[in-house]
Amino acid sequence: MTANGKNTHTSTRHLSAPVVDERLPTPGAVLTRRYRGRTVQVRVLPHGFDYDGTIYRSLSAVARAVTGSHWNGYLFFGLATPKDNGKEAGT
């Protein structure tokens, strides 16, 4: 503080843009796959996924809701293969 009581330190918050996984299509796109004889459709949202009227934070959560067991969401919806799952393109 200065002699007149004013704070000389300013607080600056650095907010970075959220990291977007390059495997995801743009918001508004619909991911579709067949699972046990039924069609599963999920709409990609800016901050989640809409499946059957419920918003999920991850594709893995959607896959769990559909199958009843743990799945990697990118694998379940065909956005990754087992060999490149979790790796950036080109590595």
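Read-outs throughout are calculated quantities, based only on the coordinates presented, and are distinct from any laboratory measurement. As the structure is a computational prediction, the values presented were derived from the model and not from experiment. Because the Cβ atoms are built from the backbone with ideal geometry, glycine has one as well, and the counts that use them run over all protein chains shown.
Each peptide in 58-68, 30-40, 44-54 gets a packing score, the mean of other Cβ atoms within 10 Å over its residues, and the list from highest to lowest is 58-68, 44-54, 30-40. For the pair Thr39 and Ser58 in one chain, pulling the backbone fully straight at 0.36 nm per residue adds 4.9 nm over the alpha carbon distance. Here the contact order of segment 30-76, divided by its residue count and restricted to Cα pairs under 8 Å and six or more residues apart, works out to 21 percent. Could you give the Stokes-Einstein D for segment 30-76 in µm² per second, using the C-alpha Kirkwood radius, 37 °C, 0.692 mPa s? After rounding, the answer is 311 µm²/s.
Sorting the segments 20-27, 70-77 by their residues' average number of neighbouring beta-carbon atoms within 10 angstrom, most packed first, yields 70-77, 20-27.
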